[in-house]
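One structure is given below, encoded as structure tokens.
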Amino acid sequence: MIFPVLASAQTDVALDPEFGGRISVSVDKRITRGLHVSLEEEVRFDQNFGSLDRLQTTLGLNYKVNEFIKLGAGYALINGYSSTNQAFKNMRHRFMVDVKGTLKVADWNFSLKERLQLTHRTGDYNIYQNPANALMLKSRLKAKYRGFGAVQPYAYIELRNYLNAPVIEAAFDGSTYYTLDDYFETGEAGWFLKGFNGGYINRLRGSIGVDYKIDRHSTLNFYFLGDYIMDKVVDANAEGTKLKSYTKETGFRGWIGAGYEFAF
């Protein structure tokens, strides 16, 4: 009788739609033929534009192997902001490697980009809810039209795979988590954190936008980005003895963004 109970441990939660904004400024420097270094500063707002979400600084290095393949590596310093505490959270460090393939057909550019990213948490965090180093794989398919000259519209879709999500077994009667001490021998909660090897798609993303080339050095970018969220969220106490909830949160977040890039 225990296994049907375990299978029903996760509950579904529908999130309210939320909108926000992103503003960025970046510099791209050509070092030598095919090799570029870039620096970007981005500010994000959330809660329907009512709160600061984060400041993010990204340093990147890209190498164009040939007309079809580009390789990249990068580092991002993420300063998240808590509107509840009115203060910045502990910083996170993100490391990225990617490969991008591009195919040109007449005035169209089609590209497929695969990015592996690792985000390291600092400070205090609950080891029963999140790994110290979250590992994600992003797959993006993009189409861009260059036939209008300076105005270049584009669209893309992207899947984000969470590669090391927490895996749990929990006793749940449909309304509360409860204790099965004789069977589980875990004390208060009746649950197991089995490890961080769960993989699932937790984001489906789509965007439409336009690049406007002011001149050979300066480009403006305007876009709308939509996220469909499918996060599995573990809420446990810091000692790991009580599971408060295990939910799958689904919902939509939309972003309006603008950016400026200077390349030389």
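When you filter the chymotrypsin sites (Phe, Trp or Tyr not before Pro) in segment 43-72 for DSSP loop state and at most 12 other Cβ atoms inside 10 Å of their Cβ, you are left with F49, F68. Structure remark: mean-square fluctuation, Gaussian network model of the chain, C-alpha springs under 10 Å; the largest value among T32, T57, T241 belongs to T32. T219 sits among other residues whose Cβ lies under 15 Å from its own Cβ, and their net charge, with Lys and Arg +1 and Asp and Glu -1, is +1. In this label model, Y260 and V37 are separated by 2.3 nm, measuring between points 7 Å along each Cα→Cβ vector. Under the combined filter of DSSP loop state and at most 16 neighbouring Cβ atoms within 10 Å, segment 183-264 retains these trypsin sites (Lys or Arg not before Pro): R216. Surface composition of the chain: carbon plus sulfur atoms contribute 58% of the solvent-accessible area (1.4 Å probe, protein chains only, all chains present). Using the structure shown, list the pairs from K138/K242; K29/K113; K100/K232; K113/K244 with a Cα-Cα distance above 27 Å, or answer none. Pairs exceeding the cut-off: K138/K242; K100/K232; K113/K244. The tail of the calculated P(r) for segment 96-166 beyond 16 Å holds 61 percent of all Cα-Cα pairs.
Only helices enter this figure: runs of n ≥ 4 DSSP H residues, each worth -39500 (n - 2.57), summed and divided by the residues of the chain, yield -500 deg cm²/dmol at 222 nm to the nearest 500.
The values are calculated or read from the model by the stated rules, or taken from the named source; none is laboratory data. The shown structure was predicted, so the numbers you read here are calculated from the model rather than taken from an experiment. No Cβ is skipped: glycine too gets one built from the backbone with ideal geometry, and neighbour counts run over all protein chains shown. Keep in mind that these areas ignore ligands, DNA and RNA; they rest on the heavy atoms of the full protein, side chains included. Shrake-Rupley method; radii C 1.70, N 1.55, O 1.52, S 1.80 Å.
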